[in-house]
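Okay, structure first, notes after.
The values are calculated or read from the model by the stated rules, or taken from the named source; none is laboratory data. Quantities reported herein were computed from a predicted structural model and do not represent experimental measurements. All Cβ positions, glycine included, derive from the backbone under ideal geometry; neighbour counts span all protein chains shown. Just so you know, the surface numbers come from the protein's heavy atoms only, side chains and all, with ligands and any DNA or RNA stripped out. Shrake-Rupley method; radii C 1.70, N 1.55, O 1.52, S 1.80 Å.
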Amino acid sequence: MMAMPTFHLAPDLPPVSRLCFGTMTMGEQSGAASSLRLLDAAFDAGVNFFDTAEMYPVPQRRETHGRSEELLGRWLRARRAPRDHVVIATKVAGPSGQMTWIRGGPTSLDSHNITAAIDDSLRRLGLDYIDLYQIHWPDRYVPMFGETEYDPSCQYTSVPMEQQLESLGRAIDAGKIKYIGLSNETPYGLMKFLQLSKDFQLHSKLLTVQNSYSLLCRSFDSGLAECCHHERISLLAYSPMAMGILSGKYHSSDESGPPDARMNLFKGRYSEGESRYKLQSPKVKAAVKEYTQIAAKYGISPATLAIAFVLRHSLVASAVFGATKLWQLHEVLQATKAFSDDLPKHGCEECMT
């Protein structure tokens, strides 16, 4: 197993690799055999941090629900990976009127839904406990998945955060989960959860927030970064390649990209993913072109540049990446080596859009 930079999330967790393998394509875009090969290759390269969710794979549908967790669990058993060496993160789905096959919606993040979700994830993963259990998105209205403006009229009746923390606390006491994380959160949400977590003696258990962060999406730096810095919360940066856009493949000479690329393969079926970026926006196209040129200047792939940029952020514990082919994984792995002083740093003019 090769050496890889690590990050200490908590004293009783093994140091996590700076790269976290996100499994949301496994069981749909990536079949069982190729998924297991990718997990093997990542583990052999030093990746010991794996992220999944009860709703995966995407695009989500009834027939594949839970398959990503099942494949990850299958790999853990086949590989016989030491449980005290790997760190497994998964998530409970927030309210959704579309995924009716998940507890009827799910309609809310009440005690029943959280408890049932934890038990189902443990069963699919084949584990006794989950290292990091995350709320996939809030049980309240927040702008997400490409939305940027807050509209107070969109707020709906939601489950109090106290009830969510109480349920998570019971799961910790029962030994089902070790730590808590949030995802797709706002500065308000993070600070409110932290405030309330003190009442439930869970303040030290809230470790991370998993939000989108990339060369094309830096909203984390506008408010949430300050909260994470002062409260010692680590960012798990998902979509560091902006759903593959930063690889340059969608803006190649044919202006469409490979037919098996995610946003081509599932065009029209992955609405929340497609809404995040305007592929044909002149600004996006111009930015990707500039980043591609920067990567060429430093002799690395655009994908490596994109991941390396995220890893250089001082608040990022790990970059959550996805790969469906071995060569894609190898490009991502190169990012952990691209830390020379010559490479553009976080916030430098050369990497600003």
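Annotations
- For segment 128-205, Kirkwood radius (reciprocal of mean inverse C-alpha pair distance, Å): 13.5 Å
- Computed from the C-alpha gyration tensor, the three semi-axes of the ellipsoid equivalent to segment 97-243 are 24, 19, 16 Å, from longest to shortest.
- Farthest toward positive dipole pole in the chain [+1 Lys/Arg, -1 Asp/Glu at C-beta], among Met144, Ala242, Ser212: Ala242
- The phi-based Karplus calculation (6.51 cos²θ - 1.76 cosθ + 1.60; θ = phi - 60°) puts the 3J(HN,Hα) values of segment 24-29 at 5, 8, 6, x, 9, 5 Hz, whole numbers, x for Gly and Pro.
- At the residue level, Ser318 shows approximately 0 square angstrom of accessible surface with a 1.4 angstrom probe and all protein chains present.
- Inter-site label distance for Tyr141 and Trp327 at 7 Å from Cα along Cβ, in nm: 4.7 nm
- Inter-label distance, nm, simple model (7 Å from Cα along the C-beta direction), His8/Cys154: 4.0 nm
- The accessible area of Arg37, taken with all protein chains in place and a 1.4 Å probe, comes to roughly 140 Å².
- Whole-number percent relative contact order across the chain, with pairs defined as alpha carbons under 8 Å at least 6 apart: 17 percent
- Note on segment 1-121: Cα Rg divided by 2.2 N^0.38 Å, N the number of residues, gives 1.12.
- Solvent-accessible ranking of His229, His65, His8, largest area first, probe 1.4 Å: His8, His229, His65
- In the chain, taking the dipole from charged Cβ atoms about the Cα centre, the farthest positive-side position among Gly94, Val288, Leu194 is held by Val288.
- Reported to the nearest whole Å, the Cα centre-to-centre distance from segment 198-233 to segment 2-60 is 21.
- Helix 67-79 vs. the chain, principal-axis angle (Cα, 0 to 90°, nearest 10): 90 degrees
- At the listed q of 0.28, 0.30 Å⁻¹, the Debye profile of segment 1-62, built from one uniform point per Cα, gives log10 I(q)/I(0) equal to -1.13, -1.20.
- In Å², nearest 10: area of Glu28 left accessible to a 1.4 Å probe: 40 Å²
- Accessible area per residue (1.4 Å probe, heavy atoms of protein chains only) ranks Thr186, Thr23 as Thr186, Thr23, with the largest value leading.
- Members of Lys192/Lys249; Lys176/Lys198; Lys192/Lys337; Lys91/Lys289; Lys91/Lys198; Lys289/Lys325 lying beyond 32 Å, as alpha-carbon distances in this model show: Lys192/Lys249; Lys192/Lys337; Lys91/Lys289
- Once the Cα atoms are used to define both axes, helix 282-297 deviates from the longest principal axis of the chain by about 70 degrees.
- Where Asp221, Asp128 fall by accessible area, highest first, once all protein chains stay in place (1.4 Å): Asp128, Asp221
- Charge tally around Ile307: other residues with Cβ under 14 Å, Lys/Arg +1 each, Asp/Glu -1 each, net +2.
- Magnitude of the charge dipole for the chain, about its Cα centre and with charges confined to Cβ atoms of Lys, Arg (+1) and Asp, Glu (-1), is about 700 debye.
- Legend: calculated FRET efficiency, Phe200 to Lys297, from the Cβ-Cβ distance at R0 = 41 Å, rounded to 0.05, equals 0.20.
- Rounded tilt (10° steps) of 161-173 against the dominant C-alpha axis of the chain: 80 degrees
- Relative contact order for segment 59-202, counting Cα pairs under 8 Å that sit 6 or more residues apart, in percent: 25 percent
- Span from the segment 296-317 Cα centroid across to the segment 103-118 one, whole angstrom: 37 Å
- Across the chain, the volume of the C-alpha convex hull divided among the residues equals 134 Å³ per residue.
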